[in-house]
Amino acid sequence: MIKLGLLGFPLSHSLSPKIQTAALQDCGLEGIYSLYPVHPEEPQGVSDLLARVRSGEIHGLNVTIPHKQNVIPFLDTLTPTACAVGAVNTIYLHNNQLVGDNTDAPGFFADLQKLFTTAPDGDDKTGEKGDLNALVLGAGGSARAVVYALVNAGWEVMIAARRIEQSQEVALQFGKAKAIEFNPQTFQHSNLQLIVNTTPLGMTPNVDQSPWPENLPFPTNAAIYDLVYNPPETKLVRDARYQGLNATTGLGMLIEQAALAFEIWTGYQPLREIMFEAVKQTVD
């Protein structure tokens, strides 16, 4: 029996159990995926849960907010990706050591490539030709994963957050990234190929919100990637599509990062389509 789970708080609306249960079934594995809600002010709860991974009782954990950075002091080692991003979303035991990994970054980039591959003009802008300029909205843990993935792929990245200090902190960690003050009146964006929202703006139940200013047109050649996946079409995505732009929510990233974590834990590669179908109706 494979025992997997998710550490975070709160977890009542998590889609991970449905996604990972579908992966177990698809690969013909007997297992269970449980939720482990631990309040951010209960470090002993984190320590106790990780002790169960260390003992082999639990075979692997996903980690979500607010614990993606809180877990790091409890781990023995980090993968290069987790170390660079500064956040962990996947934990497993290897050679009696607790390892922290980050599948958000590769999961995001894998889904981003699908977005550009299906662009109306057929031009895959994630390739190596031309200048690649992106604007990342937000400077939290998800933003770090996105910036890391983009910079590693050769993108020039601008980071905008409510507080410039947050943007600067993230930008300092990565080359080809710079913090900006996002002023709709003065912002020059004609050369942007990508806008990524890593903030919670537009998430259910606040579906009428958007991180993009109402009075600011979208760049005419940019694709829009909103990490928010519930509702299935956020205001940001809807507005971008109305302007004729290629836009998507983060459901694909959610599936990709989950599949990559599952492969780390089990060595099996579940079908992404099966995992997607398991949650499609939930967010429709």
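Report whether or not Gln269 is in a loop (DSSP other than H, G, I, E, B) and either under 30 Å from Leu24 (Cβ atoms) or among the polar types (S, T, N, Q) (or both).
Values: in a loop (DSSP other than H, G, I, E, B): yes; either under 30 Å from Leu24 (Cβ atoms) or among the polar types (S, T, N, Q) (or both): yes.
It is true that Gln269 is in a loop (DSSP other than H, G, I, E, B) and either under 30 Å from Leu24 (Cβ atoms) or among the polar types (S, T, N, Q) (or both).
When the stretch 106-116 is filtered for residues that are crowded, with 18+ Cβ neighbours inside 10 Å and either at pLDDT below 95 or farther than 17 Å from Ile224 by Cα (or both), the ones remaining, listed by number, are Pro106, Leu115, Phe116. Asn95 fulfils the conditions (1) surrounded by fewer than 24 Cβ atoms within 10 Å (Cβ to Cβ); (2) closer than 23 Å to His39 by Cα except for a single criterion, (2).
Of the set (1) in contact (Cβ under 8 Å) with a residue 24 or more places away in the chain; (2) within 19 Å of the chain's Cα centre (by Cα), all apply to Glu233 but (1). In the stretch 236-257, which residues are of a type in the set (Ser, Thr, Tyr) and part of a helix (DSSP H, G or I)? If the condition is that a residue be of a type in the set (Ser, Thr, Tyr) and part of a helix (DSSP H, G or I), then Tyr242 is the only one that fits. Restricting attention to the stretch 61-84, the residues that are more than 25 Å from Pro17 (Cα to Cα) and surrounded by 15 or more Cβ atoms within 10 Å (Cβ to Cβ) total 2.
Going through (1) of a type in the set (A, V, I, L, M); (2) crowded, with 20+ Cβ neighbours inside 10 Å; (3) in a loop (DSSP other than H, G, I, E, B) one by one, Met203 falls short only on (2).
Residues are listed down the side, and each one gets a yes or a no for (1) in a loop (DSSP other than H, G, I, E, B); (2) in contact with a helix residue (DSSP H, G or I) (Cβ under 7 Å, 6 or more places away or on another chain):
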position: Pro10; (1), (2): yes, no
position: Gly28; (1), (2): yes, no
position: Ser47; (1), (2): no, yes
position: Arg52; (1), (2): no, no
position: Ile58; (1), (2): yes, yes
position: Asn62; (1), (2): no, yes
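Beta carbons closer than 9 Å, at least 6 apart along the sequence or on distinct chains, pair a first residue in the stretch 80-93 that is under 18 Å from Glu57 (Cβ atoms) with a second that is surrounded by fewer than 21 Cβ atoms within 10 Å (Cβ to Cβ) and among the hydroxyl-bearing types (Ser, Thr, Tyr) for Thr90/Thr79; Leu93/Ser55.
Within the stretch 46-57, identify whether any single residue is in contact (Cβ under 8 Å) with a residue 12 or more places away in the chain and farther than 17 Å from Leu4 by Cα, and answer yes or no. Quick ask: steps written out before the conclusion?
Going residue by residue through the stretch 46-57, those that are in contact (Cβ under 8 Å) with a residue 12 or more places away in the chain are 46-47, 49-50, 53-54, 56-57.
When the remaining residues are screened for being farther than 17 Å from Leu4 by Cα, the result is none.
No, every residue in the stretch 46-57 fails to be in contact (Cβ under 8 Å) with a residue 12 or more places away in the chain and farther than 17 Å from Leu4 by Cα.
For Ala119, the stated conditions do not hold, so it cannot be described as of a type in the set (A, V, I, L, M), over 25 Å from Ala247 (Cα atoms) and either buried (at least 18 other Cβ atoms within 10 Å of the Cβ) or at pLDDT below 90 (or both). Of all residues in the stretch 229-284, those satisfying the criterion of being out of contact with any strand residue (DSSP E or B) (no Cβ under 9 Å at 6 or more places or on another chain), hydrophobic (A, V, I, L, M, F, W, C) and over 22 Å from Asn206 (Cβ atoms) are Ile255, Ala259, Leu271, Ile274, Met275, Phe276, Ala278. Of all residues in the stretch 208-228, exactly one satisfies the criterion of being under 24 Å from Ile274 (Cα atoms), assigned to a loop (DSSP other than H, G, I, E, B) and in contact (Cβ under 8 Å) with a residue 60 or more places away in the chain, namely Leu227.
The values are calculated or read from the model by the stated rules, or taken from the named source; none is laboratory data. What you see is a predicted model, and the numbers here were worked out from it, not measured in a lab. Quick reminder, even Gly has a Cβ in these numbers, built from the backbone with ideal geometry, and neighbours come from all protein chains shown.
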